[in-house]
1. For region B:240-413, state what percent of all Cα-Cα pairs lands in each successive 10 Å bin, counting from 0 Å until the bin that includes the largest distance.
2. Anyone know which of B:276, B:187, B:46 comes out most mobile in the 10 Å Cα GNM of chain B?
3. Taking only Cα atoms of region A:381-453, what ratio of Rg to Rh do you get with Rh as the Kirkwood inverse-distance radius?
4. With the Cα gyration tensor of region B:84-220 giving a ≥ b ≥ c as the square roots of its eigenvalues, does the rule (a/c under 1.5 for rounded; else a/b larger than b/c for prolate; else oblate) give rounded, prolate or oblate?
5. What distance in nm lies between label points placed 7 Å from Cα along the C-beta direction at residue B:255 and residue A:4?
6. Could you state the number of Å between the C-alpha centres of region A:415-454 and region B:50-78?
7. Only helical DSSP H runs with n ≥ 4 go in: add -39500 (n - 2.57) per run for chain B, normalise by residue count and round the 222 nm mean residue ellipticity to 500 deg cm²/dmol.
8. What is the helix-to-structure angle for A:458-472, meaning the angle in degrees between its Cα long axis and the longest Cα principal axis of chain A, kept from 0 to 90 and rounded to the nearest 10?
Ligand code: SF4
Ligand code: SF4
Ligand code: SF4
C-alpha cells in the first residue's frame with residue numbers, strides 16, 4: 001500500500017468497523033513499514049477517525065456560534081436524552097455515538113448535524129426526538145437526511161452574472177483548442193484573477209510558476225475543504241456547478257501540463273461526493289478527461305476525489321498536501337512553495353473551488369465579459385454566503401463593489417450590530433463599516449458574512465471562536481497551540497467580570513506575539529477578530545472591565561475560588 | 001567559501017549562499033537561541049524561539065536560508081521580548097516544577113529562560129493534567145515538560161529504521177507518544193541519546209536521571225553574585241521598615257533571607273522588621289517600605305494576609321517560585337480539590353477505616369480550588385525567582401529598591417530550583 005492511500009484506507013476501516021482498532025493500526029504499520037504510533041498519530045489527528053468502537057449511528061452536532069444562537073444547548077441535551085448517551089463518550093450504546101464538531105457548512109440551516117455523514121438541519125428538541133425514534137426503528141439515515149442545498153438568494157442581472165447562470169458541459173473546455181497556455185494566462189491576468197480561498201494570491205502567477213517549474217511532475221489540487229466557520233459558498237458551487245470546478249481544473253492542467261488532479265473534499269460534505277463522482281464520469285464519458293482529452297493530442301489528465309477526515313487546518317494548502325500524502329495535516333514550513341515542491345515532490349497548484357470555477361467562466365465568457373463587471377481592481381462577481389440574524393440566509397452572487405449595507409438590506413438583516421466577514425480569522429465589522437464596499441480597494445471578503453444583532457453576546461462569540469482555534473490548531477508550534485489556550489483563559493476571566501483595562505491591553509500584546517510567532521495562518525489570524533472587536537466595540541468592553549491606569553489593583557473572585565470546597569463540605573459533611 | 005553578504009542588526013555578515021541562518025549567524029559570532037534546531041536536520045520550525053525579522057517580517061530564523069543582501073534583525077527589543085514571551089508560553093503550557101525536575105541544570109529550556117531573564121510569566125499557568133508514562137522499557141516520558149519541539153521524532157530511531165516518538169492528537173490535546181515496541185529495541189546508549197537531545201526533562205532514562213549530581217550540570221554555575229556592601233549605602237533619615245510572611249511556602253525562602261550570615265547585623269543597622277516571623281510581630285504596627293512574600297495562596301487566610309500586606313507595604317515582592325506561580329504546592333493544581341481532600345483525609349493510608357470527616361470549621365481557612373500566584377490576587381511590584389532564591393539576590397533587590405543602589409542580576413543568581 002502506498003502511504004498516500006492511508007486516508008482512504010482509514011476511511012474504509014472506519015466505515016466498515018466503526019473504528020480503527022489496535023489490530024488495524026498494527027496491520028497498517030506493517031504494510032507501510034512504520035511504527036504503530038506513527039499510524040496512531042495520523043488517526044488521532046483527524047476528528048472523524050475513532051480509536052474506540054462507535055455506535056451504528058455516529059452523530060456529529062455542529063457547535064459553531066450560529067448553532068449556539070439557534071439552540072445548540074437544547075438540541076444537544078435532546079440528543080443525549082433521546083439516545084441515553086453523552087457527547088464525546090464511547091461505549092455507551094451499540095446504536096449511537098455522539099460528538100460535537102466544528103462548522104459543517106450548514107450555517108444557513110442551524111442547528112445542523114451529520115448522522116453517518118447524512119445532514120439533518122433546523123434541529124429542535126422535537127425533531128431530534130423524531131429522528132432518533134426513526135433511527136431506533138431502523139430507518140436508514142439516508143432517507144432521514146434533509147435536502148440541504150443552500151438557497152441562491154440573489155444573482156446580479158443576467159449580463160452581470162458570472163457563476164449562477166446556465167452551465168453547459170464543456171463550454172469552457174471547447175475554447176482550449178483555439179488557445180495556448182500563454183493566451184489562457186493572459187486572459188486570467190487581464191481580469192486579475194486572485195485566489196478565492198482568502199489569501200488572494202494572483203492565480204495566473206501561480207499557474208505560470210508551475211508551468212515554468214523545472215519539475216516535470218505537475219499536479220492540480222482543488223481545495224474543497226471549506227472549514228472556516230460560517231462559510232458554505234464552496235458547497236453551493238459543488239451543489240450547483242460541479243462541472244465548472246472540474247473545467248477549471250482541466251484548464252489549469254492544460255496550462256501547466258499536469259497529468260493528475262485531486263479534489264480534496266471535506267468529509268463534512270461527503271454527501272456531495274457522489275455528485276462530483278457522477279460529474280467526473282460525465283467528463284470521462286465526453287472525453288473531457290482521460291487520454292487525449294478535450295480533443296487535444298497528448299493532453300492526458302485524470303481527477304480523483306480524496307475525502308478529508310475532519311481537520312480545519314487542512315484547508316491550508318501545505319497541510320492539505322500533507323494530508324493527501326497520508327500524514328498528519330500539519331502545515332509545512334514556508335521554505336518552498338507547493339508550486340516548487342508540493343504533492344509527493346511535484347509542482348502542485350492548490351486552488352480553491354471558487355477560483356477554479358471562476359477561471360472556467362473567464363475562459364468560457366471571455367475576459368471582455370468579466371471586465372465589464374466589478375470595480376477597477378476586483379473584476380467580476382463574488383459569491384458570498386450570509387447567515388445569522390438575517391431573514392434570508394443563503395447564497396448571494398454579487399458584483400464586486402457591492403456595499404455591505406446593500407447586502408444586509410437584501411438579506412433582510414434584522415438590527416445588524418456586528419458582522420463577521422470571512423469567518424473567525426477574518427474581520428470584525430460594526431455599523432461604521434456598513435458603507436464599505438466589498439472589493440480589493442476597500443473590504444476584501446473571503447466569501448462569508450455572519451450577521452449578529454444587538455442581542456447577541458459578543459463574549460460568547462469570541463469564546464466560541466477561540467475554542468474553535470484551540471481545538472483545530474495542528475499543535476505543532478507553541479505560539480498557536482499554547483497561545484490559543486492562554487487567550488481562552490483570558491476570555492473566561494472576562495466572563496467572570498474581574499478584568500481591568502490592563503487585561504484588554506494584554507490581549508492585544510499577546511495576540512501580536514501569536515501573530516508574529518505562529519507558523520501558519522491559523523495561529524497568525526486566530527485572534528484577529530478579538531483584537532479588532534476591542535476597538536470596534538470599545539464601549540461594550542469599557543462596560544465589562546474596570547478602567548485603570550498602569551498600576552491598577554488586581555481583582556480576584558474569592559467566591560469562585562472557594563466554590564468547590566464549599567460544595568464538597570456541604571455535600572459530605574452534614 | 002563565503003560568497004554572499006547579508007546584514008544582521010546592522011552588521012555586515014558573510015556566509016555561503018543558502019546556509020541556514022542559525023548557522024550563518026553563529027559563524028559571524030551572533031547567537032540566535034533555538035530549542036528545536038539541529039544543524040544536520042531540515043528545519044523543524046516548531047519551537048519558534050529563534051524568531052527574527054527578515055526584511056521587516058517576523059519569521060523563524062531556522063527556516064531562513066541566507067541570500068545576498070538579506071536584512072535580518074535578531075536582537076531588537078521587540079524580538080527579544082517576543083522570544084521571551086514564547087518561552088514563557090512553554091512554561092505556562094506545561095507544568096514545569098524545576099525544583100523537583102530530574103533535568104534541572106541540564107535543561108536547555110531552563111537555561112534559555114535564565115538567559116532571557118524570565119522572572120515570572122506574563123501569562124497565567126494553565127495547569128493541564130498531563131501524564132507521566134513509565135511503561136516503556138527504559139524511557140519515561142513526562143508530558144508535563146514536553147514542548148513539542150519534535151527533536152525526538154527526527155533523531156531517535158531504532159537500528160532497523162523505525163521511529164520511536166511521534167505526535168498524537170491535535171490542538172491543545174497534542175502530545176508526544178512513544179511506541180513501546182520500538183522503544184524496547186533501543187540500546188541503553190540510544191535511550192540516553194534521546195534523553196540528551198530532548199531540550200527539556202520530558203525524556204528520561206530510568207536509573208540514569210541522577211547520574212550527574214546537581215551543581216555539576218552543564219548549566220550550573222557557581223554563584224559569583226556580589227552583594228552590594230552595606231557600608232557603601234547612603235543611609236536615609238530613618239531605618240527602613242520591612243515586613244515578611246510565608247503563605248503557601250516552606251519557609252525555605254525565609255531561611256535563605258538569613259543566609260547572609262553575619263551580614264544580618266549590617267542589615268539591622270539599616271532596616272527594622274515589622275510584621276514578620278523573624279520578629280514574631282503578628283500584626284502590622286506601622287506602614288512598611290517593603291513587604292517580602294514567600295509562598296502563593298492556597299487558602300482564604302493566605303489571601304487575607306496578602307491583602308493586608310498590599311495595604312501596609314509600599315512595595316510588595318514575591319520571593320521564590322511558590323509566590324511567583326504556585327511552585328511546589330501547585331502540583332495539586334491539575335487535580336480537582338475534591339480529589340485532593342478525599343485522598344488526604346478519607347482515603348489515605350493513615351486515615352481510619354470508613355473515615356468521613358474532612359475538616360471544616362468557621363475558624364479554619366477554606367481551601368481554594370487551586371494554588372494562586374500572588375500577582376493574580378494583588379498587584380506585585382517585583383519577583384525574585386528561585387527555590388529558594390539566593391540570599392544575595394534577595395538582598396540586592398531589597399537594597400536596590402530601598403536605597404536606589406544599582407545592581408544587576410548575574411546569571412548564576414538566576415535559578416528556578
Ligand atoms: S500556527 Fe497553529 S495550525 Fe499553524 S503550524 Fe502552528 S500550531 Fe499548526
Ligand atoms: S528543568 Fe527544564 S524540563 Fe525540568 S521543569 Fe525546569 S524547565 Fe521544565
Ligand atoms: S519529548 Fe523532548 S525532544 Fe521530544 S518533542 Fe518533547 S521536548 Fe521535544
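Only the coordinates and a few stated rules stand behind these numbers; no lab work does. Predicted model, so just to flag it, every value in this text is computed and none were measured. Note that we place each Cβ from the backbone using ideal geometry, even for glycine, and neighbour counts take in every protein chain shown.
1. Answer for region B:240-413: a P(r) of 10, 35, 32, 15, 7, 1, 0 percent.
2. B:187
3. 0.90
4. It comes out oblate by the Cα gyration axes.
5. The answer from the label model is 6.4 nm.
6. Measuring centre to centre over Cα atoms gives 34 Å.
7. -6500 deg cm²/dmol
8. It is inclined by approximately 60 degrees.
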